[in-house]
1. In the list 191, 208, which residue meets the criterion of being more than 31 Å from the chain's Cα centre (by Cα) and not assigned by TED's automatic domain parsing to the domain that holds residue 425?
2. So which of 449, 434, 429, 412 is closer than 16 Å to residue 371 by Cβ and not charged (D, E, K, R)?
3. Within segment 161-187, can you find the residues that are surrounded by fewer than 20 Cβ atoms within 10 Å (Cβ to Cβ) and either closer than 25 Å to residue 380 by Cα or in the same structural domain as residue 401 (by TED's automatic domain parsing) (or both)?
4. Mind checking which helices (runs of 4 or more DSSP H) fall wholly inside segment 63-146 and carry at least 3 residues that are farther than 20 Å from residue 28 by Cα?
5. Before we move on, is residue 302 surrounded by 16 or more Cβ atoms within 10 Å (Cβ to Cβ) and either touching a Phe, Trp or Tyr at 6+ places or on another chain (Cβ under 8 Å) or under 15 Å from residue 347 (Cβ atoms) (or both)?
6. Do the conditions hold for residue 486, that is, is it assigned to a helix (DSSP H, G or I), surrounded by fewer than 18 Cβ atoms within 10 Å (Cβ to Cβ) and hydrophobic (A, V, I, L, M, F, W, C)?
7. Can you tell me which condition residue 412 does not meet? The list is (1) closer than 21 Å to residue 222 by Cβ; (2) among the small types (Gly, Ala, Ser); (3) surrounded by fewer than 20 Cβ atoms within 10 Å (Cβ to Cβ), and all the others hold.
8. Of all residues being of a type in the set (Gly, Ala, Ser) and in a helix (DSSP H, G or I) in segment 22-62, which is surrounded by the fewest Cβ atoms within 10 Å (Cβ to Cβ)? Just the residue, please.
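The values are calculated or read from the model by the stated rules, or taken from the named source; none is laboratory data. What you see is a predicted model; the values in this text were computed from it and never measured. Virtual Cβ from ideal backbone geometry, glycine too; neighbours counted across all protein chains shown.
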Amino acid sequence: MPEFPAYYRRIFLHTVLALLSAILLLLIFPKFDLRFLAPVALTPLLIALARTHDGWQRFAYGWAAGLFYWFFLCTWIQFVLEVHGGMGRWGGWGSFLLFAILKGLHLAFFSLLAGPLMRRAYAIPAVAALWTGLERTHGTFGFAWLDLGNAGIDMSVPLRLAPCVGVYGVSFVFAMLAAGLACVILRYSRIRLLPLAALLLLWLLPAIPERTPAPDSALIVQPNISTDVQWTGLLQETTQRQLALLSNALPAKLVIWPELPAPLYYFNDPEFHEAATNIARRHGYFLFGTVAYNSQNQPLNSAVLLGPNGMQIGRYDKIDLVPFGEFVPRAFSFVNRITQEVGDFVPGHDIKILPAAGHRLGVFICYESAFPDLVRQFARKGADVLVNLSNDGYFGHTEAREQHLLIARMRAVENRRFIIRATNDGITAIIDPAGRIRKELPPFEQVAASMQYGVVESTTFYSQHGDWFAWTCLATGVGLSLLSMLRTNRNLPAEPRPRGSGHPEEQCTPKT
């Protein structure tokens, strides 16, 4: 019975390899920021998948890696559920574990489908296409966060793909390199490495701009309002007065407030309405976040722009809402909401461009930065400056702040736009079209500062045409995988099983 321990040792080894990939994926993002590991992060998992013919085993390896990855990447969600969702420690951990289990299914399906591809001559581009296409589905199925390509924000050569096909192009490159290394370690024929030669074409793409002028300025207010405060009428009045003083600290044509955790409602609070009107009249333009309402009196998370006469110029209603923060997914209907609104927020529907200070602002709110296809539509519709209003106070002092900033930086590169990022308590920053931080305000301080930005008129290919590359990758990767699985079932012997298990394939001879 010597094959018994060999069989289980192989399962153990493959599980370790899968978890190693999960660890490498964690290391490339904040708080570790070991981004040079991005091109090899998937390699251990791909080796395990190439050596495993049983589909359910591949699925299990991927699910274990996915659960591990999302659990440790997004521990801040547990903090949000416990502290701001009112669920308590065990309720927060239980709900968060369910979240990680469900999110792990993405990596499980990738693993199920990638195994047969790794045994084909076209493994490198096919696996990269599958990874990239499935990555695009995260937002479609409820929660988008960091894509593999986000780790390339400071890598000038692979980053050249971002203005062409978005962050997904950078993910494709990293997945190709990981698959190539796996093929080398598995001692596959060198001819399989030939697709890697296509990466030389990256040098033919336009370089990311080194320095874009920033002649314009805006007064950015970082209120540093606690998300835990119990609001009273006196505290609300005091907060409103402090914010007004900050807004008048320096002369500016454009004043920007972030998304706020304060009950300052422009549309049904006469005192705040008057204060906002005065700020606009004093400076010229005033952009701020507030709660608005649709025709059914349902709450909207909105950005409002007032003009020099104090009147409303335009309003953008947030389209992609935060799970648990602004709405509760049906699978988690037992979870308390973080917001204090009477009912869940409802999404807006229209991309709006807000004209201010001679420019056209594309304003997206908080978590919307995680949706490349949404943000690029502002540039496509004529926005020459992007503005991100956010309240990252719910993240506490976790690494989620840096993760959120990293995501916003990629949106700047994809659309070749300055991004003015105004937050409640950090990280408030100016991001240039190369994804670099031009200026950053100190976190957890109440401060107002004049921050320089610029405008770019031309639109990138990605801004104009969107996610055609990612969707094509999805169709190609899944199609090739299904075809490979059919061929595998016809031509390859199944993985050996322990004798005495009752499995019909237990007599198969181990593959050497």
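1. 191
2. Within the list 449, 434, 429, 412, the selection yields 412.
3. 164
4. 88-118, 123-140
5. Taking the combined requirement at face value, the residue satisfies it.
6. Yes.
7. (3)
8. Top of the filtered list is 55.
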